[in-house]
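As structure tokens, the structure follows; a few thoughts come after it.
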Amino acid sequence: MATFRLHGTRVLAVELSGDAVKAKNGAMVAYDGEMTFKKMTGGGEGLRGLVTRRITGEAMAVMEVKGRGTCYFADRATEINLVRLTGEKLYVEASNLLATEPALRTGTTFTGLRGASQGNGLFTTTVEGTGQAAIMSDGPAIVLRVTAQTPLIVDPGAYVAHTGNLRQQLQTAVGWRTLIGEGSGESFQIRFEGEGLVYVQPSERTTVGGQL
Amino acid sequence: MPFTRINSKMVEAPVTPGQRMFSQRGAMLAYRGRVTFTPSITGGQGGVMSMIGRRVANEATPLMVVEGEGSVMFGHGGHHIHTVDLAGETLYVEADRLLAFDGSLRQGTMFMGSQGGVMGVLRGQVTGQGLFTTTLQGKGSVAVMAHGGVFELPVTPARPVHVDPQAYVAHRGELRNKLVTAIGWREMVGRGSGEAFQLELSGQGTVYVQASEERL
């Protein structure tokens, strides 16, 4: 059974004993023991998965790491957060997903206009099943709880991932100031309603909305 | 003269009369007391011959000599700093990763191509590190820069470690390093896993790895 362990805040150590994990392509920094790296063609979800990813552009380059020993993963010195899933679904941007346990299934969902405003395209990656996933954030991420009474509004550029039963909706605050180039830089926000958790990073990606 | 960590990106070192220190030029952030910074024309220790050696080997990072009485704070480019204390062994590190080191350490240049023949030469090309590396030997402290923090991995004869060449920072001890390739038909058709080249370190020692695959 693969075990995920954080080595500091920016390095993920995965103990393998003959099994395999899925990880972002090229994210290995060191290992001991015996490991083989194989780029996954079609993501292991069959032909349908391959076609979907091709069309949606949510083409996360994934490799399968298999072997015995300890493998260390890190990516551009970003902070790593471990998320334990027990049957629920994790929505995460493909670029923020570092590694998943083999028992987890990954897929793609349509996000609509929100995705476009985040600069991530119209689709997002979902991780489903029971096990651990490692997600990356630029700076230490905070986890914010959303309840039915307290909806949460997040900057699209700072959004990393979410779990639970959440409805999301893009809201705009575009006024005449934005049109003359005097916007506050907060013209687009994502509103989360329902029950769940949202991961937010202390940094903002360059997004279309962020410029306005 | 050990370095004191101020935070992950800044170190402080005491300077006492008669004890020189070398640091990368421009890496001083602040100092207390009377300290002078002299550009080192020979780029370190060992006179003109070793200067020429370093120039030829392209390991000549501009250094300065830090002398006087007080304490100096070092940092550079917002990179994470890792300090290594040496007690007689040798540290192998790229010259441009060196932030500061004690004058008591002997500086040298080593031809890496001598380890492993053709693969040794290729190793330098693949990692972008060139054919030469800087060695520091003796008793003292070294401050090394890395992108995104450093972690240490022990290497024992029974437990060799493989490192991504871009994430390799430095190593110490009696280690042999060898470039291993895992190139198959997948790489040829452009479907590589991004891990085609790895450095295999075997022997007895410690390897320093950074949490990023970006060069400085």
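The values are calculated or read from the model by the stated rules, or taken from the named source; none is laboratory data. Being a predicted model, the structure only gives us computed values, none of them experimental. Note that we place each Cβ from the backbone using ideal geometry, even for glycine, and neighbour counts take in every protein chain shown.
Looking at region B:74-101 only, could you name the residues that are more than 17 Å from residue B:152 (Cα to Cα) and of a type in the set (D, E, K, R)?
Across region B:74-101, the qualifying residue is only B:96.
Hey, can you tell me all the residues within region A:28-87 that are touching a helix residue (DSSP H, G or I) at 6+ places or on another chain (Cβ under 6 Å), away from chain B (no Cβ under 13 Å) and either assigned to a loop (DSSP other than H, G, I, E, B) or modelled with pLDDT of 90 or more (or both)?
Result: A:58, single match.
Does region A:1-28 hold any residues that are β-branched (Val, Ile, Thr) and within 9 Å of residue A:71 (Cβ to Cβ), and which are they?
Correct list: A:14, A:21.
Can you name every residue in region B:179-215 that is surrounded by 14 or more Cβ atoms within 10 Å (Cβ to Cβ), modelled with pLDDT under 80 and more than 12 Å from every other protein chain (Cβ to nearest Cβ)?
Passing the criteria: only B:179.
Would you mention how many residues in region B:1-19 are modelled with pLDDT under 90 and more than 18 Å from the chain's Cα centre (by Cα)?
Of the residues in that region, 3 qualify.
Per-residue answers, yes or no, for (1) in contact with a helix residue (DSSP H, G or I) (Cβ under 7 Å, 6 or more places away or on another chain); (2) in a strand (DSSP E or B); (3) at positive phi; (4) at pLDDT below 85:
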site: B:56; (1), (2), (3), (4): no, no, no, yes
site: B:61; (1), (2), (3), (4): yes, no, no, yes
site: B:67; (1), (2), (3), (4): no, yes, no, no
site: B:72; (1), (2), (3), (4): no, yes, no, no
site: B:78; (1), (2), (3), (4): no, no, yes, no
site: B:81; (1), (2), (3), (4): no, yes, no, no
site: B:84; (1), (2), (3), (4): no, yes, no, no
site: B:88; (1), (2), (3), (4): no, yes, yes, no
site: B:100; (1), (2), (3), (4): no, yes, no, no
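Output the residues belonging to region B:157-172 that are away from every other protein chain (no Cβ under 11 Å) and crowded, with 17+ Cβ neighbours inside 10 Å.
The answer is B:170, B:171, B:172.
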